[in-house]
Amino acid sequence: MAYTKVAKKYSGKINEVTLGTGDKAITIGGRNVLPLHHFDGEVGNPPKVGLEITDIVPEDWNDALKDLYSDVIGDAAKWAKYVEDNYAPDFICLHFVGASPDGANKSVEECVEVAKQVADAITTPLVVAGSKNDEKDGELFAAVAEALQGKNILILAAKEENYKTVGAAGALAYQQKVAAESSVDINLAKQLNILMTQLGVKEEDIVMHLGSAAAGYGFEYLSSTMDRVILAALGQNDTTLQMPIITPVAFDTWGVKEAVASETDEPEWGNAEERGIHLEVATAAACLVSGADAVIVRHPKSLQTVKNFIEGLLQ
Amino acid sequence: MQKFMIIGERIHCISPVIRKALEERDPEPILKRAREQIEAGAAYLDVNIGPAEKDGEEIMQWVVQLIQSECDNIPLALDTANKKAIEAGIKVYNRSKGKPIINSADAGDRIDNINLAAANDAMCIALCAKEGIPSDNDERMMYCQQMLERAMEAGMDPEDLLFDPLFLVIKGMQEKQVEVLEAIKMMSEMGLKTTGGLSNVSNGAPKELRPVLDAYTVAMAMMCGLTSAIANPCDPKLMEAVKTCDIILGNTLYADSYLEL
């Protein structure tokens, strides 16, 4: 009997969200099949990969990375331009680690100045990530959204604690895109999307940040959350969950023991930089097959490898 | 499982406002009820134009085009004993949001409506009755089987049939209620989709009790596998029950604001 190909059809579709402006603007989402299942239907826009930079010198980063960027690491705008020219990521994530009240505690004004300089230096779409302090981030995001009006940036992210400030300023007042962060809580993911839309934010201006985890560190919770969200979005045509997903892989993978431990402490584990890249690539690839439409990585080699992975699978 | 489907029942010629609007081709009262029901969560709207023996074809075409053009092509159930009117309605029907539903066929005189549905790639409500009320579930299931066979012979996908066990009035036929629920369970176990005129159960009860009777009946019926109902989506108590059962059955994902959706 001849082989008959059966395609899996879904009634729902992931929304398309565009970041940035001009030639380098990117669009994510748009598929009506499981991630990368191009043999089943419309696979939408290929997943996008961004590279992380920080507003201040990131003391806790791997030494090899700090060496790699040594000429530019003290100036976020130069750093962004260097990354754009040399590695051409789909987008750049400016991570405001310096805004943290528990750390450098840079003022909102100082941060806005950095954001403006970075945005002026590049044409690549920009994602702005916060300090993990909800109150500070609320103020920071509102001010950055205003200062960068017209750049169509993505704010990473609004949480249950600050979605009103971030949603109102970011998306409503200054027409930026906003990610809704739910920390591996599937019901909160849906609830935040509902609350943001009830606030007046358009569905096509929302991206989901469902949480992140390094492979081996509770990643299966993240992965099963993504699966459940995607099956509801596609299979049950749940319009409150059809926002594309962004996963900041870099934030977790470079903080776990396997990436952090020095070669002196763990000689059998080999080169620390290599280990970090391996963990980052493995986690990013797993996120993409689980449903992420965009991932953020830290190492340029991870960027290149993950881009190749996507191209290879979508050929 | 898919979310429970509400077929809004409020565009019905038994309502004097609607009857007058249909007679006079007055769009506003009809559109008002259409919009209210869609806003309240109806996935389909039932359009009952009555027997419409005289100008049924013209009325059906007018009302189908009116509602669909003004309400983003909401899918409709065409409800009349006049077969020609149903055919005429299907001719002008826009399928972009879902197939038309023919309301309804039965195992008696109206069994040909299944063929009408098959010939027009429509869905069909299949009322498990012949003459009057089936005496027991053996009879119900026999009718169900007969209509299923008729549809399969005509090349219909069983997914396009909505089997109606015939909900019965509680006040007067209390002893029949469990039987109806059991029939739904049997049909569900056969993998069939089901529906029914839910508000039948509360007929004749005081106004304030009707939402209570309807809501508890729908909850118990959903537990038995009921997949849709012809009902009043503007009844908050009923919709609360449907939405909550959808959550408990896993048909939709929970969020704190689920009742507001």
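The values are calculated or read from the model by the stated rules, or taken from the named source; none is laboratory data. None of these values were measured; they are calculated from a predicted model. All Cβ positions, glycine included, derive from the backbone under ideal geometry; neighbour counts span all protein chains shown.
Things to note:
- The sole residue among B:GLY89, B:GLY50 that is in contact with a Ser or Thr (Cβ under 9 Å, 6 or more places away or on another chain), at pLDDT below 95 and not in a strand (DSSP E or B) is B:GLY50.
- Evaluated against (1) touching an Asp or Glu at 6+ places or on another chain (Cβ under 9 Å); (2) under 20 Å from B:LEU45 (Cα atoms); (3) not hydroxyl-bearing (Ser, Thr, Tyr), B:PHE167 falls short on exactly one condition, (1).
- Qualifying residue in the stretch A:222-236 (condition: of a type outside the set (Asp, Glu), away from chain B (no Cβ under 14 Å), surrounded by fewer than 24 Cβ atoms within 10 Å (Cβ to Cβ) and part of a helix (DSSP H, G or I)): yes
- Identity of the residue in the stretch B:214-256, surrounded by fewer than 18 Cβ atoms within 10 Å (Cβ to Cβ) and touching a Leu at 6+ places or on another chain (Cβ under 7 Å), that ends up nearest to the other protein chains (Cβ to nearest Cβ): B:GLU240
- The one condition in (1) in a helix (DSSP H, G or I); (2) among the polar types (S, T, N, Q); (3) more than 23 Å from A:ASN133 (Cα to Cα) that A:GLN191 fails to fulfil: (3)
- Taken together, the residues in the stretch B:151-207 that are surrounded by fewer than 18 Cβ atoms within 10 Å (Cβ to Cβ) and not in a helix (DSSP H, G or I) amount to 14.
- Only residues that are over 20 Å from A:ALA261 (Cα atoms), part of a helix (DSSP H, G or I) and not basic (Lys, Arg) were counted across the stretch A:274-315, and they come to 19.
- Take the conditions (1) buried (at least 21 other Cβ atoms within 10 Å of the Cβ); (2) farther than 26 Å from A:LEU188 by Cα; B:ARG210 misses just one of them, which is (1).
- Search result, residues across the stretch B:68-95 that are farther than 21 Å from B:ALA40 by Cα and of a type in the set (S, T, N, Q): B:THR80, B:ASN82, B:ASN94
- Some residue of the stretch A:159-173 being surrounded by 24 or more Cβ atoms within 10 Å (Cβ to Cβ) and within 12 Å of chain B (Cβ to nearest Cβ): no
- None of B:ILE59, B:ILE67, B:ILE74 is part of a loop (DSSP other than H, G, I, E, B) and either out of contact with any Pro (no Cβ under 8 Å at 6 or more places or on another chain) or without any contact (Cβ under 8 Å) to a residue 24 or more places away in the chain (or both) except B:ILE74.
- Evaluated against (1) in contact (Cβ under 8 Å) with a residue 60 or more places away in the chain; (2) of a type in the set (A, V, I, L, M, F, W, C); (3) buried (at least 18 other Cβ atoms within 10 Å of the Cβ), B:ALA40 falls short on exactly one condition, (3).
- Residue satisfying all of: in the stretch A:239-275; crowded, with 22+ Cβ neighbours inside 10 Å and within 11 Å of chain B (Cβ to nearest Cβ); farthest from A:GLY29 (Cα to Cα) among these: A:THR240
- Exactly one residue among B:ILE111, B:ILE125, B:ILE102 is touching a residue at least 60 places away in the same chain (Cβ under 8 Å) and either assigned to a helix (DSSP H, G or I) or in contact with a strand residue (DSSP E or B) (Cβ under 7 Å, 6 or more places away or on another chain) (or both), and that residue is B:ILE125.
- Subset of the stretch A:74-101 [out of contact with any helix residue (DSSP H, G or I) (no Cβ under 6 Å at 6 or more places or on another chain) and of a type in the set (A, V, I, L, M)]: A:VAL83, A:ALA88, A:VAL97
- Flag if A:ASN105 is over 20 Å from the mean Cα position of the chain (by Cα) and free of Cβ contacts under 8 Å to residues at least 40 places away in the same chain: yes
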